[in-house]
Amino acid sequence: MDPSPLGPADTGRPTPGYAALDRDYVPPPPEPEARRHPIVRHIVLFVLTFVVTTLVGVDHYYGFKSDFATAPPPQFGWTGYLNGLWYSVAILGILGAHEFGHYLACVYYRVDASLPYFIPAPLLTGTLGAFIRIRQPIPDKKQLFDIGIAGPIAGFLVAVPVLVFGIAVSHVVKVPVGADGLELGEPLLLKGVAYAFWGTIPDGFTLNIHPTAFAAWFGCLATALNLFPIGQLDGGHISYAVLGRRSTVVTYGTILCLAALSFVSSSWIVWTVLNIAMLFAFGPRHPRTFDEDVPLDATRRWLAVLAVVMFAVCFTPAPIEPLELVTPGR
């Protein structure tokens, strides 16, 4: 009986006589003894990211309460910084769930991996996300698939209730004439939740989203980015586990799609360049597992379909665009 998606897996070592079937396969080194890794850098980066996202969250809350500067600005004292927690706790919860999904799957399979590294950035989001380092090859496709998909599923399961709460406490406002700023692309998930709470929003009005809803929006975007079936991204691991060496064709096709998206929205240019650079650095072909030609079980194939669905509901063709000026007749 096949193990469950996050259940026990094979030992990862080739069976006797396997070398005769695949002379190119190089078995992984013996499993290292448990090592202690310093966690100070992880703590420092997390604290810095928490501080930066909280400060950014204060700004988002200020903008939310001022309703595009049409309402009196809120008065902030020291207690006002608590309002920044609406955003910082939400975004770090989503990103943390994603990375700890990967990490705990690695722990389960005894794959040597680091704790999450959070990346602070004084930008619109306050962070560039988080990542873990996997320090040894993942020997078989089941382990690779489970580790790859555990992060997106965990992050998605946190992002959905955060989004529902954030949209529920948002409100509809009239967009003032001459308003400028940034317009966020709406993935299908956000559109569906917004419609459930607010129905069809008339022209000239917009949904002023609460900072927690913005955190969920960023979490959805991060999920979609990671699920692109390219190279060493989560989607690349899933694609290779399902398709084997045929996943290389999918990688090239996805890069072409990203290049086309860059003409739809300039916000895709950086992500396209980063992925092309990753292909040059690591090559287009995913590192091999010893069971490359062995098909996955039915449960994992259905989970791969779930990954495609998550990508579809989290993806938006134009993530961030300048807000168009609103004319009186609009």
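Below, the figures for the structure above:
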read-out: Any hit, region 79-95, residues being outside any helix (DSSP H, G or I) and surrounded by fewer than 16 Cβ atoms within 10 Å (Cβ to Cβ); value: no
read-out: Checking VAL111 against (1) surrounded by fewer than 16 Cβ atoms within 10 Å (Cβ to Cβ); (2) of a type in the set (A, V, I, L, M, F, W, C); (3) more than 29 Å from THR206 (Cβ to Cβ), the condition it does not meet; value: (1)
read-out: Breaking point among (1) without any contact (Cβ under 8 Å) to a residue 60 or more places away in the chain; (2) surrounded by fewer than 16 Cβ atoms within 10 Å (Cβ to Cβ), for PRO176; value: (1)
read-out: Residue tally, condition touching a strand residue (DSSP E or B) at 6+ places or on another chain (Cβ under 9 Å) and not acidic (Asp, Glu), over region 180-196; value: 6
read-out: Residue that is nearest to ILE238 (Cα to Cα) [pool: residues in region 268-304 that are part of a loop (DSSP other than H, G, I, E, B) and under 23 Å from the mean Cα position of the chain (by Cα)]; value: HIS286
read-out: Strands (runs of 3 or more DSSP E) wholly inside region 102-183 containing at least 3 residues that are under 19 Å from the mean Cα position of the chain (by Cα); value: 117-120, 127-131
read-out: Of all residues in region 236-270 being touching a Phe, Trp or Tyr at 6+ places or on another chain (Cβ under 7 Å) and of a type in the set (Ser, Thr, Tyr), the one that is nearest to ALA150 (Cα to Cα); value: SER247
read-out: Unmet requirement for PRO161, which otherwise passes all of (1) surrounded by fewer than 20 Cβ atoms within 10 Å (Cβ to Cβ); (2) modelled with pLDDT of 95 or more; (3) touching a strand residue (DSSP E or B) at 6+ places or on another chain (Cβ under 8 Å); value: (3)
read-out: Every residue from region 197-212 that is out of contact with any Phe, Trp or Tyr (no Cβ under 8 Å at 6 or more places or on another chain) and in contact (Cβ under 8 Å) with a residue 12 or more places away in the chain; value: PHE197, TRP198, ILE201, ASP203, GLY204, PHE205, THR206
read-out: Check on PHE290, surrounded by fewer than 13 Cβ atoms within 10 Å (Cβ to Cβ) and not aliphatic (A, V, I, L, M); value: no
read-out: Candidate set: region 131-149, residues that are buried (at least 23 other Cβ atoms within 10 Å of the Cβ) and among the aliphatic types (A, V, I, L, M); chosen: the one nearest to TYR240 (Cα to Cα); value: LEU144
read-out: In region 190-232, residue surrounded by the most Cβ atoms within 10 Å (Cβ to Cβ) [restricted to those that are in contact with a Cys (Cβ under 6 Å, 6 or more places away or on another chain) and of a type in the set (A, V, I, L, M, F, W, C)]; value: CYS220
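The values are calculated or read from the model by the stated rules, or taken from the named source; none is laboratory data. Computed from a predicted structure; not experimentally measured. All Cβ positions, glycine included, derive from the backbone under ideal geometry; neighbour counts span all protein chains shown.
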